[in-house]
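The values are calculated or read from the model by the stated rules, or taken from the named source; none is laboratory data. Since this is a predicted model, take the numbers as computed values, not measurements. Positions of Cβ are backbone-derived with ideal geometry, glycine not excepted, and every protein chain shown enters the neighbour counts.
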């Protein structure tokens with residue numbers, strides 16, 4: 001393993017490095033060679049790829065930071081573990097091969113990969129929206145000591161299903177990329193729907209009609225976030241105002257509080273995975289939660305089924321219904337996110353540290369500002 005300041009290598013190289021690096025941390029943790037401070041230090045480092053000799057390369061902000069890291073006992077231990085355990089020996093060295101060169105000696109530059117990343121506020125990965133239409137004007141989810149309650153006028157009612165989840169992702173992404181509270185979502189109604197991968201088939205029950213209805217419900221809903229362990233909370237609304245302008249799209253002004261939450265802690269999600277998961281709100285919720293959870297994980301853990309049920313599936317009549325649907329969602333996620341280390345067990349879901357789903361080590365820091373408090 002090299003500890004040099006370097007430019008990031010290709011995404012495939014970074015993913016391979018991250019997986020091997022996390023396996024090294026896991027192996028040292030199992031033998032008791034790492035303290036809690038050691039684990040925090042190692043998880044703060046950023047593998048950027050694998051060099052032509054099969055060594056993991058760490059990226060540092062400056063040569064001074066790289067020099068300081070060389071003296072770290074924890075980093076030396078994991079370097080030894082990687083060498084002796086041969087955890088990096090199976091890495092494909094072709095991902096770090098020298099770039100192809102033109103005849104004039106200049107590097108050949110291939111087109112950058114077309115990978116789209118969407119973002120979701122971190123607090124909405126732990127406690128989520130209803131999967132289907134619910135009676136009444138209030139709905140709650142619970143995750144440990146955290147309770148998220150949604151309150152909306154009886155007409156039009158609470159947001160639910162696929163569309164508000166996609167809308168929240170696109171609004172969050174728009175706010176992060178433009179760094180503004182006020183913006184247009186699409187130059188027209190059609191482009192707004194196209195951003196969410198929804199065909200504008202119109203009609204009273206068409207996709208475009210349902211999407212606009214869910215946007216209206218979102219804008220009229222207040223989110224009440226309560227951390228019972230510390231007896232603190234916040235009331236959050238999505239938008240201060242919104243208006244549809246013919247031919248120009250929907251103009252949204254996000255509330256200052258929601259915008260601050262978006263800026264302080266949002267989780268990056270692979271748009272390709274989201275699209276492939278289809279129209280299952282539970283699968284989208286499970287993927288977003290797993291992405292957030294493994295970004296903060298430094299050791300394996302088991303999440304009890306009952307905890308997952310009240311967090312994701314409170315409206316299911318029988319626990320076995322939720323478990324069956326969650327397992328189905330997990331199978332679909334694992335087909336798309338090959339590196340995910342999550343397995344159903346008798347007592348709950350076993351998850352271990354693993355490479356991020358969008359192949360970016362920055363995902364670990366992006367998810368840190370989880371609580372909107």
For this session: For residues that are over 18 Å from residue 354 (Cα atoms), at pLDDT below 75 and within 25 Å of the chain's Cα centre (by Cα), tally how many sit in the stretch 36-77.
Result: 3
Exercise. Pick from the stretch 325-341 the residues that are within 25 Å of residue 41 (Cα to Cα) and touching a helix residue (DSSP H, G or I) at 6+ places or on another chain (Cβ under 7 Å): which of them is modelled with the lowest pLDDT?
Worked result: 339
For this session: For the stretch 325-339, state whether one or more residues are within 30 Å of residue 184 (Cα to Cα), within 18 Å of the chain's Cα centre (by Cα) and not in a strand (DSSP E or B).
Result: no
Problem set entry | From 146, 151, residue being surrounded by fewer than 22 Cβ atoms within 10 Å (Cβ to Cβ), in contact with a strand residue (DSSP E or B) (Cβ under 7 Å, 6 or more places away or on another chain), within 20 Å of residue 234 (Cβ to Cβ) and at pLDDT 90 or above | 151
Exercise. Do any strands (runs of 3 or more DSSP E) entirely within the stretch 210-275 hold 1 or more residues that are under 22 Å from the mean Cα position of the chain (by Cα) and touching a residue at least 24 places away in the same chain (Cβ under 8 Å), and if so, which?
Worked result: 222-227, 232-237, 249-254, 266-270
Exercise. Under the condition of being in a helix (DSSP H, G or I) and touching a strand residue (DSSP E or B) at 6+ places or on another chain (Cβ under 6 Å), which residue from the stretch 294-312 is farthest from residue 207 (Cα to Cα)?
Worked result: 305
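Report yes if residue 320 is part of a helix (DSSP H, G or I), loosely packed, with under 14 Cβ neighbours inside 10 Å and in contact with a strand residue (DSSP E or B) (Cβ under 6 Å, 6 or more places away or on another chain), otherwise no. Talk me through it step by step, then tell me what you get.
Values: part of a helix (DSSP H, G or I): yes; loosely packed, with under 14 Cβ neighbours inside 10 Å: yes; in contact with a strand residue (DSSP E or B) (Cβ under 6 Å, 6 or more places away or on another chain): no.
Against the criterion (part of a helix (DSSP H, G or I), loosely packed, with under 14 Cβ neighbours inside 10 Å and in contact with a strand residue (DSSP E or B) (Cβ under 6 Å, 6 or more places away or on another chain)), residue 320 does not qualify.
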Seminar exercise, completed: When every residue in the stretch 342-358 that is part of a loop (DSSP other than H, G, I, E, B) and surrounded by fewer than 20 Cβ atoms within 10 Å (Cβ to Cβ) is compared, the one modelled with the highest pLDDT is 345
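Can you pull out every residue in the stretch 279-291 that is modelled with pLDDT under 90 and either surrounded by 14 or more Cβ atoms within 10 Å (Cβ to Cβ) or touching a strand residue (DSSP E or B) at 6+ places or on another chain (Cβ under 9 Å) (or both)?
Our first condition is that a residue be modelled with pLDDT under 90; within the stretch 279-291, this holds for 279-280.
Residue satisfying the conditions is 280 alone.
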Problem set entry | Neighbours by Cβ (under 8 Å, 6+ apart or cross-chain): first from the stretch 293-306, assigned by TED's automatic domain parsing to the domain that holds residue 44 and touching a residue at least 40 places away in the same chain (Cβ under 8 Å); second surrounded by fewer than 14 Cβ atoms within 10 Å (Cβ to Cβ) and assigned to a strand (DSSP E or B) | none
Exercise. Restricting to the stretch 231-244, what's the tally of residues that are out of contact with any strand residue (DSSP E or B) (no Cβ under 6 Å at 6 or more places or on another chain) and either closer than 22 Å to residue 164 by Cα or surrounded by fewer than 11 Cβ atoms within 10 Å (Cβ to Cβ) (or both)?
Worked result: 2
